[in-house]
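Participant: Once you've had a glance at the structure underneath, I'll fire off some questions.
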Amino acid sequence: MAEVTAICRFCHATCGLVATLENGRISKLIGDLDNPMYTGYSCIKGRNYHEFHASPDRILKPLRRNSCGDFEPVESGEALVEIAAKTRAILEQYGPRSIAMYGGTFSHFCPAGVMLREAFMDAIGSPMRFSNATIDQPGKPISMALHGKWGAGPQDFAEADVCLLVGANPLVSMWGGIPSFNPARRLHEARKRGLQLIVIDPRRSETARKADLHLQCLPGQDAPLLAAMLRVIIEEGLYDRAFVEAETAGFAQLRETVAAFLPERVAAVAGVAADDIVTAARMFAAAKRGNATSGTGPSMAPHGVLMDYLVLALNTICGRWVKAGERMPNRGVLFRQFSGVARAEKPRSAAGFGEALRVRGLTDTAAGLPTAALADEILTPGEGRVRALFVIGGNPLLSWPNQAKTRRALESLELLVVVDPMLSATARHADYVIGPRFGFESPAITFGNEGITVYGLSLGYPEPYAQYQPALIEPPAGSDVLEDWRIFFEIGRHMGMPLAFRGHPFDMASPPTTDQLLETFVAKSRVPLEEIKRHPHGAIFPDPKPLADSKPFDWPYRLQLAAASMMQELTAVAATLTVAAAQIDRDYPWLLVTRREHAVYNSVGQRLPALRKRLSHNPAYVHPLDAGALGLLDDMPIEIESRHGRTRARVRLADDIRRGVISLAHGFEDANPAALIDDANDFDALSGLPRMSAIPVRILRAAAS
Ligand SMILES: Nc1nc2c(c(=O)[nH]1)N[C@H]1C(S)=C(S)[C@@H](COP(=O)(O)OP(=O)(O)OC[C@H]3O[C@@H](n4cnc5c(=O)[nH]c(N)nc54)[C@H](O)[C@@H]3O)O[C@H]1N2
Ligand SMILES: Nc1nc2c(c(=O)[nH]1)N[C@H]1C(S)=C(S)[C@@H](COP(=O)(O)OP(=O)(O)OC[C@H]3O[C@@H](n4cnc5c(=O)[nH]c(N)nc54)[C@H](O)[C@@H]3O)O[C@H]1N2
Ligand code: SF4
Ligand SMILES: [Mo]
């Protein structure tokens, strides 16, 4: 029996754990008290992650669909030769654009996999690369591109007096706003220090319960709410004048555009008290340091990009960025996240560039190609139609909007290859399913929490931290699984295509090791990988140059407070600012929102026995008074219907949800909001993201199943 340190890969937070090894298996996982970033934190998912390795659901041998339509096991060598031949035939007949890649959430946890699948798509010459980022919060990179990125980064949570969370629940999700590394402890310490927490959320979420001020709004009204807060801060002169003058453009136009958003008018639409909007604005602006961050809820509601743009504007007019001469919390260890100069960086394109999709007038964006349109790219006949799809670390059938269309799309493909350790809902539609090595069977490095800063504020490590973990165990005896990068290496090799990563060709005659790939990936890191490896508990690697530089006198760029597309959209929102407009649909009078559940991660963990004990199904949260009015009791089966589709669920009486709102998590097979989403008629023009929150629905009683 031995104890070794490990990096959890059940979620993006990549906590430092201690694993007990027994006879080549892991028998126990706990938080690592000696880890300086996570200080012993772990959650129930992480503590049960090793259960996956020996799970009966695991794909230990590749599966191939035979002529009768059933799966049969096949040797990986044979499967990869066949996949290569089929891919080559599709490439030759239809061209590169007919081959698409979808890298889901779990594909980003392994840099070697990212390298080889990019190399593979480069070799094919296909631009059709999609990821979960565009069905998550695409408004973040897009709004950052419109607004501009600050070269010295945001202010540090550890020194903040205020934290404003717009539809985020980091105590459960480990997502932005409060650094995701033992967030409960960080919030507790910050509040002892005097931090004020403001939460805007239709649910009194686990985080909202800790708030000094909770605006329990109707969903989908965050853009007007934020515009009203901006108005209060501007009209009361509470903003950072010096910063606005020196570093921004468009202030006068922003002021003019938000003028329509009187707190009283917005209060009526958003279902909150006008006084609370004013108090929130004053509280945020009066603090010396801190910032505002949004989560998935409002990002998925209509005007999601605009909402994120206004979050940036709020931070900027209050000067919530690191100024010249101030300490930057973390410029990165493996990657350089910021130039380190207190300046607005050179603008980048938000959307309207790169590959044009054949549907909905969408293009590439700062967040990537809109995944919500991929099903239509597969189904729409004509030149450029997608015929082959590789899915790695994602679960489209449960995660993409418009589930019925996604199913049709997956079924109509000529080739669907799924790389997944489990026979997921999506994998069940595949022509080939290949199980990768996963979790502790591969080396790991904490790279995911670097470079994520463009995704929002207070994301990523708040200190220059890094950890490496070698492979700890071997896959179960007799299994035929490959590193996920190796799968693309082999397909490329069998297709006779030389692969290269950022111009560095691979030797196709002898595959690299995962460690060599990691070395290449972080070749330019400030701290060499060798040095990081010397610290098994992870370490903070102090930045020799932690203070932000001043910008040159003639630096031409400024943060943009009034991007034309955003001001146009905000003006249009102002025009519909009436109470009547908010009460969307008499026939579908409820607004459905999603939430994250502690015991699962998206579609992952639902079948793991220890987690199933905590959460056996996906309950729909309904306020007891609303349930009473509908004659619903706790645990009663219901059908939730939108104008687009239906899903079943069971009622959970929850007095923490706002009346008129119903909350359902995503990622489940039996009750899934994806069935309710109209992908093609109600979407954001820039990001392509459909309305995935604040969905008008009605609730029907269902017969017990
Ligand atoms: N345990 C666990 N952790 C996870 C995940 C998981 O499935 N389980 N998923 C991971 C993923 S992929 C992501 S992207 C992150 C997301 O992390 P978060 O964005 O923090 O996700 P949620 O916990 O769903 O919080 C969203 C909140 O928005 C609220 N909301 C919904 N609609 C609106 C709206 O229109 N306006 C406002 N103001 N609020 C609204 C919801 O009530 C909810 O409390 O979490 C990650 N972490
Ligand atoms: N209606 C609605 N839809 C949503 C959301 C919502 O809130 N509401 N949230 C959206 C968000 S934020 C996101 S991020 C997406 C998530 O969308 P996806 O990324 O498409 O879905 P996941 O459920 O994260 O898929 C994870 C898959 O990876 C597999 N996996 C686990 N470990 C490994 C591994 O080591 N290697 C490989 N290759 N695979 C592995 C799992 O078995 C699972 O099948 O869904 C989006 N869709
Ligand atoms: S929060 Fe839980 S699941 Fe996520 S990395 Fe930490 S222990 Fe693992
Ligand atoms: Mo996500």
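The values are calculated or read from the model by the stated rules, or taken from the named source; none is laboratory data. As the structure is a computational prediction, the values presented were derived from the model and not from experiment. In this analysis, Cβ positions are derived from the backbone assuming ideal geometry, glycine residues included, and neighbour counts consider all displayed protein chains. All accessible areas refer to the heavy atoms of the entire protein, side chains included, with ligands and DNA or RNA removed. Shrake-Rupley method; radii C 1.70, N 1.55, O 1.52, S 1.80 Å.
Participant: Compute the orientation-averaged projected area for the chain from the convex hull of its Cα atoms and round it to one decimal in nm².
Facilitator: Directional mean of the projected Cα hull area for the chain stands at 29.6 nm².
Participant: Assuming R0 = 41 Å, what is the FRET efficiency of Ala575 and Arg701, from their Cβ-Cβ distance, to the nearest 0.05?
Facilitator: After rounding, the FRET efficiency stands at 0.60.
Participant: Please report, as a whole percent, how much of the solvent-accessible surface of the chain comes from carbon and sulfur atoms (probe radius 1.4 Å).
Facilitator: The value for the chain is 52 percent carbon and sulfur by accessible area.
Participant: Please report the antiparallel percentage of the DSSP beta bridges confined to the chain, to the nearest 5.
Facilitator: 55 percent
Participant: Place a +1 charge on the Cβ of each Lys and Arg in region 584-701 and a -1 charge on the Cβ of each Asp and Glu, then give the dipole magnitude about the Cα centre in debye, rounded to the nearest 20.
Facilitator: That gives a dipole near 380 debye.
Participant: Right, something else. May I ask you to derive the relative contact order of region 324-403, considering only C-alpha pairs under 8 Å and at least 6 residues apart, and to give it as an integer percent?
Facilitator: With pairs under 8 Å counted, the relative contact order is 15 percent.
Participant: Sorting check: for 199-209, 160-170, which peptide has the highest mean count of neighbouring beta carbons within 10 Å, and how do the rest follow?
Facilitator: 160-170, 199-209
Participant: I would also like to ask the following. Please report how far the C-alpha centroid of region 272-327 lies from that of region 638-705, rounded to the nearest whole angstrom.
Facilitator: Taking the Cα centre of region 638-705 as reference, the centre of region 272-327 is 28 Å away.
Participant: What does the extension gain come out to for Arg502 and Arg614, with contour length at 0.36 nm per residue minus their alpha carbon separation?
Facilitator: So the chain would gain 35.9 nm between Arg502 and Arg614.
Participant: Give the relative contact order (percent, whole number) for region 112-245; include only Cα pairs under 8 Å separated by 6+ residues.
Facilitator: Rounded, it is 16 percent for region 112-245.
Participant: Pick out, in residue order, every one of the GluC sites (Glu not before Pro) in region 17-79 that is DSSP loop and has at most 12 other C-beta atoms within 10 Å; say none if there are none.
Facilitator: When the GluC sites (Glu not before Pro) of region 17-79 are filtered for loop state and at most 12 Cβ neighbours within 10 Å, Glu75 remain.
Participant: Rounded to the nearest 0.05, what FRET efficiency do Arg327 and Ala356 have when you use their Cβ-Cβ distance and R0 = 35 Å?
Facilitator: For R0 = 35 Å, the calculated efficiency reads 0.20.
Participant: Can you tell which of Gly297, Leu197, Pro498 lies farthest toward the positive end of the dipole of the chain, using +1 and -1 charges on the Cβ of basic and acidic side chains (Lys, Arg; Asp, Glu)?
Facilitator: Leu197
Participant: Would you mind telling me the antiparallel percentage of the DSSP bridges in region 584-701, rounded to 5?
Facilitator: If we restrict to bridges inside region 584-701, about 70 percent are antiparallel.
Participant: Taking just the alpha-carbon atoms of region 658-699, what radius of gyration and Dmax come out, in angstrom?
Facilitator: 11.5, 32
Participant: Can you give the FRET efficiency to the nearest 0.05 for Glu383 and Ala685, using r as the Cβ-Cβ distance and R₀ = 30 Å?
Facilitator: FRET efficiency, Glu383 to Ala685: 0.80.
Participant: Here is a follow-up. Starting from the 7 Å offset along Cα-to-Cβ, what nm value, one decimal, do you get for the label separation of Glu22 and Glu236?
Facilitator: Spacing of the two 7 Å Cα→Cβ label points: 5.9 nm.
Participant: Counting just the Cα atoms, what span does region 279-340 cover along each of its three principal axes? Round to the nearest Å and put the largest first.
Facilitator: 36, 29, 14
Participant: What percent of all Cα-Cα pairs in region 75-149 falls in each 5 Å bin, counting up from 0?
Facilitator: 3, 13, 16, 19, 20, 14, 6, 4, 3, 1, 0
Participant: Something else now. Sum up the charges of everything whose Cβ sits under 10 Å from the Cβ of Ser126, counting Lys and Arg as +1 and Asp and Glu as -1, but leave Ser126 out.
Facilitator: My count for the surroundings of Ser126 gives 0.
Participant: Give the accessible area for Arg648 in Å² (nearest 10); use a 1.4 Å probe, count only protein heavy atoms, and leave out ligands, DNA and RNA.
Facilitator: Approximately 90 Å² for this residue.
Participant: While we're on this one: What chymotrypsin sites (Phe, Trp or Tyr not before Pro) in region 513-595 are in a loop by DSSP, with at most 13 other Cβ atoms within 10 Å of the Cβ?
Facilitator: Passing both the DSSP loop test and the Cβ count: Phe553.
Participant: Packing-wise, with mean Cβ within 10 Å as the measure, how do 470-476, 129-135 rank, highest first?
Facilitator: 129-135, 470-476
Participant: Same structure, new question: Could you compute the net charge surrounding Glu463? Neighbours are other residues with a C-beta less than 10 Å from the C-beta of Glu463; K and R count +1, D and E count -1.
Facilitator: -2
Participant: Report, for region 308-424, the % of DSSP beta bridges that are antiparallel, rounded to 5.
Facilitator: Bridges in region 308-424 that DSSP calls antiparallel: roughly 40 percent.
Participant: Per residue, how many Å² of accessible area does the chain show with a 1.4 Å probe?
Facilitator: Dividing the accessible area of the chain by its residue count gives 37 Å².
Participant: What do you get for GluC sites (Glu not before Pro) in region 373-479 restricted to DSSP loop and a cutoff of at most 10 other Cβ within 10 Å of the site's Cβ?
Facilitator: Here the sparse-neighbourhood loop sites are Glu383.
Participant: Over all directions, how big on average is the projection of the convex hull of the alpha-carbon atoms in region 1-40, in square nanometres?
Facilitator: Orientation-averaged projected area of the Cα hull: 2.7 nm².
Participant: Report the full-extension gain for the segment Glu92 to Ala2: residue separation times 0.36 nm, less the Cα-Cα distance, to one decimal in nm.
Facilitator: Difference between extended and current length: 27.1 nm.
Participant: Can I ask one more? Between Arg408 and Tyr557, what is the label-to-label distance in nm when each label sits 7 Å out along the Cα-to-Cβ direction?
Facilitator: 4.3 nm
Participant: Ranked highest first by average number of other Cβ atoms within 10 Å, how do 141-152, 300-311 line up?
Facilitator: Packing order, densest peptide first, comes out as 300-311, 141-152.
Participant: Give the relative contact order (percent, whole number) for the chain; include only Cα pairs under 8 Å separated by 6+ residues.
Facilitator: 20 percent
Participant: Using only the Cα atoms, work out Rg/Rh for region 584-701, with Rh taken as the Kirkwood radius, to two decimals.
Facilitator: Radius of gyration over Kirkwood radius for region 584-701 works out to 0.97.
Participant: Amide H of Ile657: which non-local residues (sequence gap of 5 or more, or other chain) have their own amide H closer than 5 Å, using H built in the peptide plane?
Facilitator: It is Arg204, by chain and number.
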